[in-house]
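A short write-up of the structure that comes next.
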Amino acid sequence: MSLILDVDHVGKTFVQGGLLSRREVEAVRDVSFSLDAERPEILSVVGESGSGKSTLAAMVLGRLVPTRGRILFEGGDVAAIRSRAGRRAFMARVQPVLQNPFEAFNPLKRVDRYLFATAANFVVGGGRTRAAIEERVDRALVEVGLTLAEVRGRFPHELSGGQLQRTAIARALIPEPRLLVADEPVSMVDASLRMAIVNLFGALRDRLGLSIIYITHDLATAYYISDRILIMRKGEVVERGAARAVLDNPQHPYSIALKQAVLTPDFG
Amino acid sequence: MPTAVLQTPPAPAAAEPVLVVDRLRAYYRTHAFGLDRDIRAVDDISLTVAPGEVYGIAGESSSGKTTLIKTIVGAIRPPLAVVGGSVRFRFGGEIRDIYALTPAELQTIRWRHLSCILQGSMNVLNPVRQIRHSFQDFAFPHMGLKPAAFWQAVRAHLARLDLDPAVLDSYPHQLSGGMRQRTTIALATVCTPEFIVADEPTTALDVIVQRDVLTMLRDIQRRLGSSFLFVTHDMSVHATVSDRVGIVYAGRLVEEAETPTLFRGALHPYTQHLVASLPRIGDTTRRASLPGRPPSLADPPSGCRFHPRCPLAMDVCREKVPALVEAAPRHRVACFAVSGAPS
């Protein structure tokens with residue numbers, strides 16, 4: 001069995017304050033999980049704000065170096081990537097989708113600029129003509145239900161939050177990655193679109209064989225789409241397993257509290 | 001069911017409404033390179049809100065929800081312009097037409113009678129000043145109290161909302177997102193306004209904090225007897241807090257009913273889709289998302305704006321605009337498939 005991602009007893013400690021008042025905050029504590037290369041899946045990581053979900057995502061993306069433990073992506077240590085070329089090769093395989101699309105795009109720059117820059121970075125070989133790049137960008141946009149014609153030349157404020165988030169996902173799809181790390185990708189979009197994006201994740205998994213780490217606090221969509229789930233609290237994994245089994249019958253008191261806090265839209 | 005705690009019986013409909021919005025139209029008007037463009041973000045919307053009622057507004061992104069409430073509270077800046085219709089509030093038995101007021105008169109109504117909790121409103125707190133300054137800047141001029149009495153009122157209000165008065169001495173970054181949101185709610189309600197407009201107040205909060213914030217809002221609403229206009233795209237939030245819900249699609253109100261009616265027996269195909277698309281724990285049936293995408297408000301489809309995505313679309317839907325008519329008592333819907341096509 002080959003692993004696409006192996007998170008091995010990973011911890012992250014942040015140090016706050018300076019010389020006089022030094023305080024350590026353990027954001028992630030001894031987290032382990034792995035993703036199988038043969039079986040693409042959606043792994044949900046759920047928990048309240050401050051549970052270390054985003055720190056974990058940042059470590060998987062190689063943005064933060066773990067204090068303890070190792071993260072191996074396709075056998076290579078993520079923290080050991082130093083060179084520009086190595087970083088680029090890694091980012092072609094692992095792409096982020098961020099929480100707030102309004103913050104992900106510079107308001108003073110046109111949105112398509114990011115798409116073209118990503119395409120220019122990652123489209124390799126002789127196909128780096130303007131037309132090839134545009135074709136690639138358009139293909140990625142079509143995957144998320146947009147077209148290049150709609151996005152071209154627009155500034156972030158001219159697009160709705162949902163359109164921006166779809167653009168952000170399209171941008172992540174341009175290098176044709178293996179793993180998508182989506183940090184709260186649907187918390188800013190409405191219900192219909194939320195299902196569209198979550199269904200899109202399912203389709204990307206099934207069609208492109210993409211593994212997705214889906215970080216969320218929305219238990220209902222985690223239940224709906226994910227194969228496995230990790231429930232985190234204060235940096236630790238308190239419960240894990242097959243998503244539906246865990247959420248149908250949570251064991252840890254925190255998981256139970258989390259499930260109870262979900263608003264149910266049922267009337268009688 | 002824990003949700004039941006937050007449910008209250010719907011407010012009596014008989015009382016004089018606090019807010020009457022009549023045939024409101026507000027467009028973003030741009031004139032560039034000799035080209036005039038209207039973005040019809042609010043197009044012919046009429047609704048009323050009764051005293052003590054929580055009126056929810058739902059709809060997808062870019063359907064004009066935020067523009068609608070901006071127009072209702074009179075926060076209109078170019079290129080947004082009110083093209084027609086009126087917004088009247090009834091404060092203390094006196095009817096105030098928002099668009100007939102001078103800026104100075106509007107100023108006397110804001111905060112005291114009408115206040116807002118906006119999307120990402122934790123960002124209204126100045127990051128480099130202690131929270132006390134935000135209270136002083138926003139609320140003090142409207143309260144008409146001497147400083148000592150003002151601070152006493154603020155502390156009493158915070159205590160009533162189970163917030164530690166020590167938050168006044170904190171900087172915003174020292175508080176969690178949920179605490180900041182609760183502080184801004186305290187700020188918006190400290191003058192005990194009669195009407196509160198809340199735009200996505202819990203979006204981007206996690207489930208546990210969201211529940212706390214909603215419980216707090218509902219509690220304040222009950223205690224002050226205020227009316228709420230509650231805007232969120234999240235139908236499960238509406239199920240929890242709103243007495244009545246109006247569904248906005250592409251700048252128009254397409255359906256309006258009491259919340260249980262809307263969830264059990266929605267008539268408009270768009271509302272039916274919204275309700276059916278909600279994921280639930282324990283249910284893994286596939287949720288379809290609507291085909292197509294939200295229409296451009298600059299060039300909306302002819303006739304019923306939903307027709308390109310509607311499973312029931314008929315010829316008449318492409319030509320005529322369905323009026324919002326009463327299909328049952330307190331249940332209005334704008335759909336030819338429900339009301340029958342005009343002859």
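May I ask you to list the residues in the stretch B:16-43 that are in a strand (DSSP E or B) and open to solvent by less than 40 Å² (accessible area, probe 1.4 Å)?
Selection gives B:19, B:21, B:24, B:26, B:27, B:41, B:42, B:43.
Give B:49, B:87 a once-over and let me know the one that is at pLDDT 90 or above and in contact with an Asp or Glu (Cβ under 8 Å, 6 or more places away or on another chain). Let's see the steps before the verdict.
Values: B:49 fails: in contact with an Asp or Glu (Cβ under 8 Å, 6 or more places away or on another chain).
That would be B:87, the only listed residue that is at pLDDT 90 or above and in contact with an Asp or Glu (Cβ under 8 Å, 6 or more places away or on another chain).
Does the stretch A:174-186 contain any residue that is over 18 Å from residue A:38 (Cα atoms), free of Cβ contacts under 8 Å to residues at least 40 places away in the same chain and either open to solvent by 10 Å² or more (accessible area, probe 1.4 Å) or within 12 Å of chain B (Cβ to nearest Cβ) (or both)?
Yes; the residues of the stretch A:174-186 include at least one that is over 18 Å from residue A:38 (Cα atoms), free of Cβ contacts under 8 Å to residues at least 40 places away in the same chain and either open to solvent by 10 Å² or more (accessible area, probe 1.4 Å) or within 12 Å of chain B (Cβ to nearest Cβ) (or both).
Listed residues B:149, B:198; which is more than 12 Å from every other protein chain (Cβ to nearest Cβ) and touching a Cys at 6+ places or on another chain (Cβ under 8 Å)?
Criteria check complete, one pass: B:198.
Residue A:15 - would you say it is within 14 Å of chain B (Cβ to nearest Cβ), part of a strand (DSSP E or B) and without any contact (Cβ under 8 Å) to a residue 24 or more places away in the chain?
no
From the list B:291, B:295, B:279, pick out the single residue that is open to solvent by 10 Å² or more (accessible area, probe 1.4 Å), out of contact with any Cys (no Cβ under 9 Å at 6 or more places or on another chain) and touching a residue at least 40 places away in the same chain (Cβ under 8 Å).
Only one candidate qualifies: B:295.
Tell me the residue from B:260, B:279 that is facing another protein chain (nearest Cβ under 9 Å) and not in a helix (DSSP H, G or I), please.
The unique qualifying residue is B:279.
Collect the residues in the stretch A:206-218 that are away from chain B (no Cβ under 13 Å) and more than 22 Å from residue A:54 (Cβ to Cβ), keeping them in residue-number order.
A:207, A:208, A:209
Just checking, how many residues over the stretch B:263-276 are in a helix (DSSP H, G or I), open to solvent by 10 Å² or more (accessible area, probe 1.4 Å) and touching a strand residue (DSSP E or B) at 6+ places or on another chain (Cβ under 6 Å)?
0
Of all residues in the stretch A:144-165, which are without any contact (Cβ under 8 Å) to a residue 24 or more places away in the chain and outside any helix (DSSP H, G or I)?
A:147, A:160
Inspect all residues belonging to the stretch A:139-146 and state whether any of them is away from chain B (no Cβ under 14 Å) and under 13 Å from the mean Cα position of the chain (by Cα).
For the stretch A:139-146, residues away from chain B (no Cβ under 14 Å) and under 13 Å from the mean Cα position of the chain (by Cα): absent.
Look through the stretch B:206-257, keep the residues that are charged (D, E, K, R) and within 14 Å of another protein chain (Cβ to nearest Cβ), and return whichever of them is nearest to residue A:231 (Cα to Cα).
Just the residues of the stretch B:206-257 that are charged (D, E, K, R), to begin with: B:206, B:211-212, B:218-219, B:222-223, B:234, B:243-244, B:252, B:255-256.
Subset that is within 14 Å of another protein chain (Cβ to nearest Cβ): B:206, B:211-212, B:218, B:234, B:243-244.
Working: B:206: 13, B:211: 19, B:212: 20, B:218: 29, B:234: 23, B:243: 34, B:244: 35 Å.
That would be B:206.
The values are calculated or read from the model by the stated rules, or taken from the named source; none is laboratory data. Please read these numbers as outputs of a predicted model, since none were measured by experiment. FYI the Cβ positions are ideal-geometry reconstructions off the backbone, even for glycines, and counts take in every protein chain you see. Heavy atoms of the whole protein, side chains included, go into the accessibility calculation; ligands, DNA and RNA do not. Shrake-Rupley method; radii C 1.70, N 1.55, O 1.52, S 1.80 Å.
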